[in-house]
Amino acid sequence: MNALAVSAPVDMAELRATLAAEAGPVHFVAGGTDMLIAGRPLPESGLLVDLARVAGMAFISTDGRDVRIGGATTVAALAADCRLRVRIPALCEAAAQCGSVQIRNRATIGGNIANAAPAADLMPVLVAVGTRLVLLKHDGTQYEAALCEYLPNSGHLITEVILPESGLLPRSAFVKLGSRQDMTISRLNLALLAEFQSNHFGVVRVAAGALGPVSSRLLRAEVALAGRKLGAATLRDFIAALVDEVDMAIPGRNSQLYKRRAVAGMGFDLIAQAMGLSPRDRLFEEAAQ
Ligand SMILES: Cc1cc2nc3c(=O)[nH]c(=O)nc-3n(C[C@H](O)[C@H](O)[C@H](O)COP(=O)(O)OP(=O)(O)OC[C@H]3O[C@@H](n4cnc5c(N)ncnc54)[C@H](O)[C@@H]3O)c2cc1C
């Protein structure tokens, strides 16, 4: 058996040439925070391509209509980018709540997507916004696909993550529930994006992680808010819809009981964050009665 070889290309041209020249299996490593952890076997043969130094794979571009993010952009860079926070605060919030400082400095958006963990924190936001990916095949062909069409084991490299203008709704929020306050893997996470004018919601997108194998939209929760006035009755319907979504996603599971209770508090936190309200606002007290 051939040993595993390692390559660390410095730019996109060298990366493409490296991929084209390799006849055997190719594996990618970016931050290594999922791939290089204890207990996970490394590939035994083929070529391991280190993405961490590829110039042109780590960038955040917010000036165009769409927001474009390089596949090897670190989670720390997402959390700290002020222009990104203006366009989509929920993504910065999700990034800020991923792991520790050390993890965020290494972890990348491409790795978060490709690792395909049900609890991955960037995913609910990316799903809610209708993300598209630019993917590179080994033969050098590049193509664009919706996030939901991406197959994590395809071996195709995520070079760019596109957040389309149509999905970048003006209000957004992200909340997560873990077994502790900091440095915790999500037991449940939620993202909300919404239009909001004259105290009324317009289009609303809600997505959750850790309720199934992949993050997904919560359509009932979206319908409960869309087009309605922000008030106690609307919030009650929203919370009831979130509880229904939990019941339908994980019926009979041990976690169902606590998640259906937790999702109510998380729903209020989500609205408070998106609307810039205090979680202690009277509105939430009224809605909880
Ligand atoms: C202590 C600890 C705490 C953590 N906390 C959190 C947390 O709170 N929230 C959270 O969401 N995650 C958390 N994680 C998981 C991890 O940090 C994230 O999933 C991270 O985004 C993975 O990125 P990476 O660059 O390190 O991926 P890597 O480990 O380098 O790669 C992971 C997988 O993705 C593939 N891959 C990487 N980049 C690409 C690409 N551009 N194109 C195609 N395939 C690619 C690799 O081949 C590999 O299969 C934690 C991990 C640890 C060890």
Accessible-area composition of region 28-109, carbon plus sulfur, in percent [1.4 Å probe] = 54 percent
ask   = Mean residue ellipticity at 222 nm from the helices of the chain, using -39,500 (n - 2.57) per DSSP H segment of n ≥ 4 over the full residue count, to the nearest 500 deg cm²/dmol?
value = -10000 deg cm²/dmol
remark   = Once phi for every residue in region 273-289 is put through the Karplus expression 6.51 cos²θ - 1.76 cosθ + 1.60 (θ = phi - 60°), the whole-Hz ³J(HN,Hα) values, with Gly and Pro written as x, are 5, 5, 9, x, 9, 6, x, 8, 3, 3, 3, 6, 4, 4, 5, 7, 6
query = With each label point set 7 Å from Cα along the Cα-Cβ vector, what nm distance links Asn199 and Ala249?
reply = 3.2 nm
inquiry  = Quick check: with the 1.4 Å probe, what order do Cys98, Cys148 take by accessible area, largest first?
reply    = Cys148, Cys98
remark   = Once the dipole of the chain is set up from charges on Cβ (+1 Lys and Arg, -1 Asp and Glu), the residue from the list Ala173, Leu47, Gln256 lying farthest towards its positive end is Gln256
task = Can you sort Ser100, Ser198 by 1.4 Å-probe accessible area, starting with the largest?
result = Ser198, Ser100
ask   = With every protein chain left in place, what is the accessible area per residue of region 35-132 in square angstrom, probe 1.4 Å?
value = 42 Å²
key: Contour minus Cα-Cα distance for Ser166 and Asp66 (0.36 nm per residue)   = 35.2 nm
ask   = Within region 97-136, whose backbone N sits under 20 Å from a point 7 Å along Cα→Cβ of Asn153?
value = 111-120, 136
message = How far apart, in nanometres, would the label points at Thr184 and Ile37 be if each is projected 7 angstrom from Cα along the Cα-to-Cβ direction?
response = 1.6 nm
ask   = For region 161-273, which whole percent of the accessible surface, found with a 1.4 angstrom probe, sits on carbon and sulfur atoms?
value = 51 percent
remark   = Long-range amide H partners of Thr108, meaning residues 5 or more apart or on another chain whose placed amide H is closer than 5 Å, are Gly31, Val75
note = Using alpha carbon centers only, region 49-64 is separated from region 94-111 by a whole-angstrom value of 15 Å
query = Using the heavy atoms of the protein chains alone and a 1.4 angstrom probe, what is the accessible area of region 162-289 per residue in square angstrom?
reply = 49 Å²
key: Efficiency of FRET from Cβ geometry, Gln256 and Leu277, R₀ 35 Å, rounded to 0.05   = 0.75
request  = Please give the solvent-accessible surface of Tyr150 in Å², to the nearest 10, using a probe radius of 1.4 Å with every protein chain present.
outcome  = 20 Å²
note = The Cα radius of gyration of the chain, divided by 2.2 N^0.38 Å with N its residue count, comes to 1.05
task = Quick one: compute the contact order of region 127-182, relative version, from alpha carbon pairs under 8 angstrom and 6+ residues apart, as a percent.
result = 39 percent
Potential extension, Tyr143-Asn115 segment - 0.36 nm per residue separation minus Cα distance = 8.1 nm
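The values are calculated or read from the model by the stated rules, or taken from the named source; none is laboratory data. Source: prediction; values computed, not measured. Here the Cβ is made from the backbone with ideal geometry for all residues, glycine too, and neighbour counts use every protein chain on show. Ligands, DNA and RNA are excluded from the accessible area calculation, which covers all protein heavy atoms including side chains. Shrake-Rupley method; radii C 1.70, N 1.55, O 1.52, S 1.80 Å.
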